[in-house]
Amino acid sequence: MDTTPCICGRLRRTSRALTRLYDEALAPVGLTVTQFSVTRTLSRLDRPTLTELADATAHEKSALWRILQPLVKKGWIDAASPKGERGQRLSVTPSGLEKLNDAMPHWRAAQARVSETLGDREAALIALLREVEAHV
């Protein structure tokens, strides 16, 4: 039996642990880290389509739509079809921006906890993850 550690398995376990940490931190404002990240990315874009947002967040379109639906229902994200255009354009509503602002201190607290754990290795880890993402 091969005892070589599985890089994918290790990254997935680490990702689940980090997701739990950030989800717990963001729970008081009613967001998951996935919803927070997607909304934050959307707030930086100029009314993208679902496909454009999926490309920016590395999500599959149907999975991304499932993430967005509760946020649309709560009025934090607008999904509108402009006249004369096919498809919807997405944007963060004023109440969605307020929700993001409310979430930022909670996100920063989780971020600080992870940064403290990583210490001087944080920048190197981020660079390494970017490199892996770009080459696979």
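The values are calculated or read from the model by the stated rules, or taken from the named source; none is laboratory data. The model shown is predicted, which means the values in this text are computed figures rather than measured ones. So basically every Cβ, Gly included, is an ideal-geometry build from the backbone, and we count neighbours across all protein chains shown. For accessibility, only protein heavy atoms count, side chains too; no ligands or nucleic acids. Shrake-Rupley method; radii C 1.70, N 1.55, O 1.52, S 1.80 Å.
Summary table
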read-out: Rounded if a/c under 1.5, otherwise prolate or oblate - the stretch 83-136, Cα gyration tensor axes; value: oblate
read-out: For the stretch 11-136, accessible area per residue (1.4 Å probe, heavy atoms of protein chains only), Å²; value: 66
read-out: Lysine-lysine proximity count for the chain, Cα under 21 Å, sequence distance 8 or more or distinct chains; value: 4
read-out: Percent of Cα-Cα distances greater than 21 Å, calculated over the chain; value: 51
read-out: Sites matching trypsin sites (Lys or Arg not before Pro) across the stretch 71-136 that sit in DSSP coil, with at most 10 neighbouring C-beta atoms within 10 Å; value: Lys83, Arg86
read-out: Percent accessible area from carbon and sulfur atoms, the chain, protein chains only, probe 1.4 Å; value: 54
read-out: Helix 61-73 vs. the chain, principal-axis angle (Cα, 0 to 90°, nearest 10); value: 60
read-out: Rounded, prolate or oblate (a/c below 1.5 giving rounded, otherwise prolate when a/b exceeds b/c) for the stretch 16-65 by Cα gyration tensor; value: prolate
read-out: FRET E, pair Ser115, Asp23, Förster distance 25 Å, beta-carbon r, rounded to 0.05; value: 0.90
read-out: Loop GluC sites (Glu not before Pro), the stretch 36-136 (other Cβ atoms within 10 Å of the site Cβ: 11 or fewer; DSSP); value: Glu60, Glu85
